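What follows is a set of notes on a single structure, which appears directly below.
The values are calculated or read from the model by the stated rules, or taken from the named source; none is laboratory data. This one's a predicted model, so the numbers in the text were calculated from it and none came from an experiment. All Cβ positions, glycine included, derive from the backbone under ideal geometry; neighbour counts span all protein chains shown.
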Amino acid sequence: MSHHLAKRPSDSAATVASPAAKRARDPSSLAFPTNKEAPELPHKTCIFCDILPPIADDDVDAALDKADIRGVTTTNVEQVLRLSYAHPCAAAAFFHLAGHWHLGHDNHSPYSWNLVIDILGTNRIFTRMWETVDSMHSRWLLSLDTFASVFSSLAASPSCSMLKAFMDDMPHYDMACDTTTLNSLLSALCRANRLDDARAVILVARAEVGTLPDADSYAILLECARLPPTHVFDEMVRDIGGDPDNVPAYDAFLTTIVSSNYSMALPKATLGVWSCMVENGLPPLEECGNMLVSKLKDDRLPKACKYVEDMVDRGIKLSLSTQSELKLCLQKIKKGDIYDDLLRKWEAH
C-alpha cells in the first residue's frame, strides 16, 4: 500500500503496494494490482473483486445489489479498494454502496476514505477526488496522510498547482501549512522528478505563509540526487542560517549523506559538506565525524586517514571503536606506522 497510507498488520497477507507509491504514474500504462496477486483473500472479498472489473460504472450499483452479499465489513471494504485501482469509478461506487447499505458512511474507516482519495488521484480523476476530500472534511477525517496522497497525485500531473494545494487548499480544509506538511509536499514533488518546483516551493512557502524548512526538507532534496550535496547544503545554510543553534540540523543532513546512496561519492560529498560547516563557523559533531571515518575506511582508507588527521587537527574526538577499526585496517596492509603517527598527534592535543 502507499507509503503515506497507514498499514494494517492484520491484513498483511492481502497487502499490495499502492500505485500511488510508483511515481511517473501514467494511468494508461500502470500495471495495477488485482486479487489474482493476493490469493489468500477472504472469499467475500474475492467475489467483490470479480464483480467490479467487467461491468460499466453505471451498472455497479445494480450488480452489487444483485449479488446480495450481506455482512460487509470495514476490512472487506479496505481489501477491495486496495485491489481496485484499475477501476476507480467502480471502486468509488462500491465504497458508497457499502457505506449506504452495510456500514453507514460515518462508519467507514479513515483508511478506506484515504484509499478512495488515492485511487481517484492516481487515476487523475481530480474533481471526484476533491469532492471526496470535501466529504472527509465534513466528517473531520482529514489528516496529513490524506494530503500526502493528494500531493502525490497532483505532483504526478505537471499541470496541477502544488503551491495552490499547499497555500490555499490546506487552510481551506483547516489543515496546518507547517514544516511537516511542507516536507510531505517536497517528497511528492521529488518523487515525481520535479526538483525545480520543490526548490521553488521552499522559497515561496517561506515568503508567503512563513513556513520554514528544516534539515529534513533539504535531506529530501538531497535524495533527488540531481544536485551536488554541497550545493544543497549551501542552500540550507542560506535559508535556515549559519547559527550554532542549528547544528542539529546540519548534523542530521550530514548523517543523511553518510547513510544514503551517496556512499559511492562519500569523499567528495561528505568532505565538501564538512568544509562548508567549518567555513560557516559551525562546530562539527563527533558522531558524524566518526561515522564518516567508519564508512571511508573499508574502500578509501587513504581518504579515511586524511579525514582523521583533519578531525585531530580540529580537536574532534575519535571514539575508541573508530580508533580500533582504523588500526586494524592499517595493520592489515602493513601500515600500522600511519596509525601510530595519527595517535601521537591525537595525544599531543
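Of everything in the stretch 120-148 that's in contact (Cβ under 8 Å) with a residue 24 or more places away in the chain and among the aromatic types (Phe, Trp, Tyr), which residue is surrounded by the fewest Cβ atoms within 10 Å (Cβ to Cβ)? Across the stretch 120-148, the extreme among qualifying residues is 126. Of the candidates 151, 95, the single residue that is crowded, with 23+ Cβ neighbours inside 10 Å, within 29 Å of residue 46 (Cα to Cα) and hydrophobic (A, V, I, L, M, F, W, C) is 95.
Within the stretch 276-293, the set of residues being in a helix (DSSP H, G or I) and either modelled with pLDDT under 70 or touching a helix residue (DSSP H, G or I) at 6+ places or on another chain (Cβ under 6 Å) (or both) comprises 276, 277, 278, 279, 288, 289, 290, 291, 292, 293.
When 310, 251 are screened for being touching a helix residue (DSSP H, G or I) at 6+ places or on another chain (Cβ under 9 Å), under 30 Å from residue 216 (Cβ atoms) and either among the polar types (S, T, N, Q) or at pLDDT 80 or above (or both), only 310 passes. All conditions in (1) over 19 Å from residue 121 (Cβ atoms); (2) within 19 Å of the chain's Cα centre (by Cα); (3) assigned to a helix (DSSP H, G or I) hold for residue 208, with the sole exception of (2).
Taking (1) within 20 Å of residue 207 (Cβ to Cβ); (2) of a type outside the set (S, T, N, Q); (3) modelled with pLDDT of 95 or more in turn, residue 164 satisfies each apart from (3). Look at the stretch 170-194: where a residue is touching a residue at least 60 places away in the same chain (Cβ under 8 Å) and under 21 Å from residue 207 (Cβ atoms) and a partner is aromatic (Phe, Trp, Tyr) and buried (at least 19 other Cβ atoms within 10 Å of the Cβ), sitting 6+ places away or on another chain with Cβ atoms under 8 Å, you get 184/147; 184/151. Counting only residues that are under 12 Å from residue 123 (Cα atoms) and without any contact (Cβ under 8 Å) to a residue 60 or more places away in the chain, the stretch 73-90 holds 5 of them. A Cβ distance below 6 Å, combined with a sequence gap of six or more or placement on separate chains, defines the contacts here; from the stretch 336-349, residues that are over 16 Å from residue 321 (Cα atoms) reach no residue that is outside any helix (DSSP H, G or I) and among the hydrophobic types (A, V, I, L, M, F, W, C).
Just one of (1) buried (at least 20 other Cβ atoms within 10 Å of the Cβ); (2) at pLDDT 90 or above; (3) out of contact with any Phe, Trp or Tyr (no Cβ under 8 Å at 6 or more places or on another chain) fails for residue 202. It is (2).
When residue 163 is tested against (1) of a type in the set (A, V, I, L, M); (2) more than 27 Å from residue 93 (Cα to Cα); (3) not in a helix (DSSP H, G or I), only condition (3) is not met.
Pairs meeting the criteria (first residue in the stretch 302-322 and of a type in the set (Val, Ile, Thr), second residue modelled with pLDDT under 85 and not in a helix (DSSP H, G or I), beta carbons under 8 Å, at least 6 apart or on different chains) are 308/318; 312/318; 312/349; 316/284.
So, residue 153, is that one in a helix (DSSP H, G or I), in contact with a His (Cβ under 9 Å, 6 or more places away or on another chain) and under 25 Å from residue 119 (Cα atoms) or not?
no
The set of residues in the stretch 315-337 that are closer than 15 Å to residue 293 by Cα and in a helix (DSSP H, G or I) comprises 320, 321, 322, 323, 324, 325, 326, 327, 328, 329, 330.
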